[in-house]
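Laboratory data are not the source of any read-out in this text; all were calculated from the coordinates shown. These numbers were taken from a predicted model, which means no experiment stands behind them. Counting neighbours? That spans all protein chains shown, and the Cβs are built from the backbone with ideal geometry, glycine included.
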Ligand code: AMP
Ligand code: MG
């Protein structure tokens, strides 16, 4: 009996081994959702790559604020839509965005479209919006103006959705699910500052570098991840400089002006990439002290990097973060 059991176990182990050894690595990099996307996975053929790419493009077509034909643009234009007229993904993402907006007291606010449309961070000659345009836009922001009930979504007071602070995380979750559904275990999905680490890399956790905000070619350190996402919000990801001042894309929901505090980046680790994405933006807006307290109170794992080159961690990040740069100071938690 014992021998039979042993043989069965051996057969299972050998089958798994041979199946894994037949896998090949596939990777591809492309541009979508306003960022560089790279997808890597181990599989028996390349076919899932095309599906991942189409999926990201489909999601972009739903969520883009600037594409006139997207579902979000239509909702912004018409101010209301029946749930049944919207795709399941749009409804899910708006619901999740609303929840994070509410949980963070509006530090993350998915209704800042009237503010964000006043800024163009990639323009040849970027401009700072006039104070009166910001004051006027402020009247048309605020997540409490997003009403969701069983049948209908409504934008009151002319608020406009901007899901740019969470959509890439949502896309990472969807790509991961697509690969999982195809039986793929190991892979790395990266959409700009959003990374999802599936399974392992050569049987070890993935080593995910955290960018040095002062020199984005370098990293300050890394986290070890498996079945987890790491999402970074930083003042270096999309910005312009004018008269020696930096204007970046994370806006203070009270003023519509880029957040100015002691932080240069926040990375959040979570199994749900949309959640990590929404909260990384929110923690950045809150600033170091309030952000760390919020992360602790809400059991979030995060790495905070300050403009004066200090690093702080909250939650399980303390166990997985390793400092590699000698230009930064890090005092691990006890
Ligand atoms: P992230 O890189 O995830 O931090 O998101 C930044 C993007 O989210 C910006 O490019 C805007 O589209 C949008 N955004 C800016 N400020 C906020 C905010 N306070 N709350 C929610 N979304 C924001
Ligand atoms: Mg975000």
So how tilted is helix 88-103 from the main axis of the chain? Cα-based, degrees 0 to 90, rounded to 10.
70
With a 10 Å cut-off between alpha carbons and a GNM built on the chain, which of 181, 27, 89 moves the most?
181
GNM on the chain, C-alpha springs below 10 Å: top fluctuator among 66, 141, 111?
66
Zone reached by a paramagnetic label modelled 7 Å from residue 255 Cα along Cα→Cβ, restricted to segment 266-301 with backbone N below 20 Å, covers 266, 281-291
In nanometres, the difference between 0.36 nm per residue of separation and the alpha-carbon distance of residue 144 and residue 326 is 61.1 nm
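Report, in deg cm²/dmol and to the nearest 500, the calculated mean residue ellipticity at 222 nm for the chain, where each DSSP H run with n ≥ 4 adds -39500 (n - 2.57) and the sum is divided by the residue count.
Details: 10 runs with 116 residues, N = 334.
Calculated from helices alone, the mean residue ellipticity at 222 nm is -10500 deg cm²/dmol.
Translational diffusion coefficient of segment 140-221 at 4 °C, 1.567 mPa s, Stokes-Einstein with Kirkwood Rh over Cα pairs, in µm²/s as a whole number.
On the way: Rh = 16.0 Å.
The estimated diffusion coefficient comes to 81 µm²/s.
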May I ask for log10 I(q)/I(0) of the chain at q = 0.08, 0.10, 0.14 Å⁻¹, from a Debye sum over the Cα atoms as equal point scatterers with solvent left out?
-0.41, -0.62, -1.14
Helix 2-21 sits at what angle to the longest principal axis of the chain, using alpha carbons and giving 0 to 90 degrees rounded to 10?
50
So how far, in whole Å, is the C-alpha centre of segment 270-292 from the one of segment 311-334?
17
Over segment 44-134, the quotient of the Cα radius of gyration and 2.2 N^0.38 Å is 1.35
Gain in length, residue 32 to residue 103, computed as 0.36 nm per residue apart minus the alpha-carbon separation, to one decimal in nm?
22.6 nm
Per GNM of the chain with C-alpha springs under 10 angstrom, the most fluctuating residue out of 317, 267, 255 is 255
Overall Cα dimensions of segment 279-334 - principal axes, largest extent first, Å:
30, 23, 16
What base-10 log of the normalised intensity I(q)/I(0) is obtained for segment 176-247 from the Debye formula, alpha carbons as equal point scatterers, at q = 0.12, 0.13, 0.15, 0.22 Å⁻¹?
-0.42, -0.47, -0.59, -0.96
Roughly how many Å is it from the Cα centre of segment 195-262 to that of segment 90-157, as a whole number?
22
Kindly express, to the nearest 10 degrees and within the range 0 to 90, the angle between helix 288-297's C-alpha long axis and the longest C-alpha principal axis of the chain.
50
